[in-house]
Each structure stands twice: as structure tokens, then as C-alpha cells.
1. When the accessible area of chain A is computed with all protein chains present and a 1.4 Å probe, what percentage of it is carbon and sulfur?
2. In whole percent, and with a 1.4 Å probe on the protein chains, what portion of the accessible area of segment B:41-197 is carbon and sulfur?
3. Scan chain A and report its longest stretch carrying no GluC sites (Glu not before Pro) that are both in a DSSP loop and have at most 16 other Cβ atoms within 10 Å.
4. How much length, in nm to one decimal, is gained on full extension between A:D202 and A:E103, taken as 0.36 nm per residue of separation minus their Cα-Cα distance?
5. When the Cα atoms of segment B:63-170 are enclosed in a convex hull and the volume is divided per residue, what value in Å³ results?
6. So which chymotrypsin sites (Phe, Trp or Tyr not before Pro) in segment A:144-244 end up in coil per DSSP with only 14 or fewer other C-beta atoms within 10 Å?
7. With a 1.4 Å probe and all protein chains left in place, how much accessible area per residue does segment B:1-90 have, in Å²?
8. So, for segment A:19-64, what is the accessible surface per residue at a probe of 1.4 Å, expressed in square angstrom?
Amino acid sequence: MTTETQADLSAEMATIAQDYTASVAAGAPVETRPRLDYPPYRSSILRHPTKSLHHADPEEVELWAPAFGPTDVDPLEADLTIQHGGEPIGERMVVTGRVLDGEGRPVRHQLVELWQANAAGRYVHKRDQHPAPVDPHFTGAGRCLTDGDGWYRFTTIKPGPYPWRNHRNAWRPAHLHFSLFGTEFTQRLVTQMYFPGDPLFDLDPIYQSIVDPAARDRLVATYDHTVTTHEWATGYRWDIVLTGSHRTVRESDVEHL
Amino acid sequence: MTSAAPTPGQTVGPFFHYALPYAGDRDLVPPGAPGAIRLHGRVTDGAGAPVPDALLEIWQADPSGAVPRAEGSLRRDGFTFTGFGRASTDRRGAYSFSTLTPGPTRPGAAPFFAVTVFARGQLDRLLTRAYLPAGSPGVDEQTLDADRLLASLPAERRSTLVATADGRGYVFDVRLQGDDETVFLAFDGRGASAGGD
């Protein structure tokens, strides 16, 4: 068990952030993805490639994504609150947004998968040992297809933050895990959506592995009162942009890993 | 042209197992079906230790080289080849797919499985390819030598992208780190200038 403190980790993260700010000020490109090599996330130390990603031109198969459709996903799978015969505990919420490509075009009829902890910060997963209650009415997994304009929509319960073992007193900000497919296989994305104003952001090495503040902010949903429904659920809006090989590459997209 | 800023990735984390795996995920065709082959291997970390909480996806052409357009990867009917599969690793870091041999998508092209790798501790998804080795249907050394990606790699790195035949199919190991680490790919023009830092 680690004896490293949050202060130790926070100091490491602050150094990386300062180095990044200085390098951008000196003309280095803005980074748009998490660093694969981000030592404050201890599990990444032996699991990040040490060699740079190799540029490849996509071949025919990579220029297409697998097709998903109504035979794959039941519309009821988008409601995580009705799967187990009773109302789950917690803040009911609707999360919705558009899936777009790098040119702003909607990603239509593609699969969106969602998984998350319950309101107490506990996953159904058997390896989750956090001694918070399991909710018998909540599994925390759902799916939907985007519609003809690229919209997805889930009804679920706001997850709680939870502890993990990266360092002593490490807590993850509340988040939803998202898995997305674009129109090309090169657009495949797994990411996490966070909630605005979370006090744990600055302390979390997974969130901070995206060293650019503007890029990081793109993982934070917006509370949207037009999505909130009367006497039923709060609403959050989160748009997702998938980029593959077709878009115009800008200087600001060049990154160092 | 307008251009939207990309949404960054994040690690798949340790708790995806009750959400992403599904019945039949790794069986693009039923094991034992006519033409079925096995694509399998292990995922290892920088210490050579197995990665028991990784998830691989494959996406491929059918044996004729056609890219599938059929839905049904999540609810397989047992007859439609969708070209997509997903497999989580076991305690030994091993994964396995039952599938068909991909064909060349154009005459002379080297056939491969497109592969996506996710794992706890891996901060973003990784993309790679598992090429069929020489001696596979329609593949010889010249086919592989003519492939643009393989030709651009030094021999020792190139070998990490070529599966080996094992009698029932192919073995493709994924090494996340180290001297023999798998070549991972960037498709958006960023990789070539990314440097080794």
C-alpha cells in the first residue's frame, strides 16, 4: 500500500503543469489528448508506450467503422433507472449531447456506451472493494445509438466520487465512462465525462493527465436547465468531438507524447 | 472549413467488465464454423507481466476483402459477419477471437486486423494492426514488403505487427512497453513528428 500523500502527487502534477505552460509559452504545440506517460497516475508507469506513435495512412478498413443499428441496442437501454424493477437511489439526471466529427458533422446512428458508479460511488464490479452500498436497483451500464442529428440521451443517476489506491487518500472526481464509435475506426474513443465545479479536479492524476487546461475542460459537462425536467430529473449537456484521419490538421493539434 | 477541438480520451479504468463485454463479443463467427480461425495472444506490460484488465477490439474485412456494413455485432445472429469483435483479457493477460481470415481490400494489399487496445493504466486508447504472416492465403514476403506501413518500419519493429500462424489461426501479442513494444499508430498526421520523448 502506498504511503505517498496527496501533497506528493499534487507537487508532481504541478511540476508537469508548469513545464507544460513554459513549453507552450516557448512555442511548443498545445496538447489535445492525455499524456500516455503520466507518472502521477502510477498504473501508467509500466503501461505506456515508450516509443512515439507511428504515423500511418489509413487503409480501406480503417476508413469505416463497424455498423450498429436497432438490432444491436434496445431503446430502453438508454434509461439506467428502469433496469431492475425499482427506483435507484440518488439524483436522477438526464445526460445528453451531440457526437460530432472534427468538421462539426453529426456522427449518426453510432453506438454510445456508458458505465458508472452508483450514487454512493460504488461500482457493481466484483473488484470494487469500496465499502459503500451497492444499489440493488442500479447496475450503471447503458447504451444508445445517436440519432440522425448525432444526439445521444441517457437517463441515469448522478454518480458519487470514490476512493482509489493511486496514493493515500486518493479520490476520483464523479464521472461517467463513455465509449464511442465514429464513422471511421480511427475515431474510436473511450473517455470520461465530469461534472462542473468538482473540487477534486486539481487532485486527480487521471483528469490532470490532459495537461492542457482547455483540453481538460472539454470533458466537463454543462448543467443545462433546458434539459432538466419538471419534478423528475436534472439535466446535463455534453458534446463529444471525434477526430480521425480526414480532418484538416492544424498546428495546434500537433502533440508530443 | 470549420474545425472542432477533439474530445480527449481517458483510461477505460478497472471497472469496464460489467459494461463493455457482452455475450458473443469475441466470436465474430461461432467457433468451429466453416472457415473459422482463432486470433489470440497476450497483453503484457513493461515488466513483461500479463495485463489482466485489458480490452481488445478487432475490425476487419471479410475473406473476400470486402469491408462489412452489416449491423449486429452486439446481438449476433450466428450468420452475419459484421467484422467487429471485442475481447477482454483473462488473468493471464490472454485474449482470443473466433473469426474469419481477412482478405486484401484491393489486389496486392496485405491483409490485417485493425486492433484497438484499452487497459487500466493506459490513459488513451491505442490503435495497431495485426498483419497476416507470409504463408497465409494470398500473402507472401513480397506482399508484406510492399505494404506502406510495414516498409516504413525497421525490421525489429515491423515484426511486432505481424502475427504468427499456429495451425488453427494466428497469434498476436501486444506489448505495451519495452524494447519489443508493439508499434502503435497515429492516423492524423501527429505521430510522425511526435518525437521519442
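The values are calculated or read from the model by the stated rules, or taken from the named source; none is laboratory data. Small disclaimer: the values here were computed from a predicted structure and weren't measured. So basically every Cβ, Gly included, is an ideal-geometry build from the backbone, and we count neighbours across all protein chains shown. The area values use the complete protein model at the heavy-atom level, side chains included, leaving out ligands, DNA and RNA. Shrake-Rupley method; radii C 1.70, N 1.55, O 1.52, S 1.80 Å.
1. Details: 5980 of 10610 Å².
C and S fraction of accessible area: 56 percent.
2. Values: 2910 of 5750 Å².
C and S fraction of accessible area: 51 percent.
3. Working: sites that count: A:E4, A:E91, A:E103, A:E231.
Result, exposed sites excluded: A:104-230.
4. Details: separation 99, 0.36 × 99 = 35.64 nm, distance 3.11 nm.
Separation in residues times 0.36 nm, less the Cα-Cα distance, equals 32.5 nm.
5. Working: hull volume 16.2 nm³, N = 108.
About 150 Å³ per residue, rounded to a whole number.
6. Numbers: sites: A:W151, A:Y152, A:F154, A:W164, A:W171, A:F178, A:F181, A:F185, A:Y194, A:F201, A:Y207, A:Y223, A:W232, A:Y236, A:W238; in loops: A:F181, A:W232, A:W238.
Counting only loop positions with at most 14 other Cβ atoms within 10 Å, the chymotrypsin sites (Phe, Trp or Tyr not before Pro) in segment A:144-244 are A:W232.
7. Values: 3230 Å² over 90 residues.
Normalised by residue count, the accessible surface of segment B:1-90 is 36 Å².
8. With all protein chains present, segment A:19-64 gives 42 Å² per residue.
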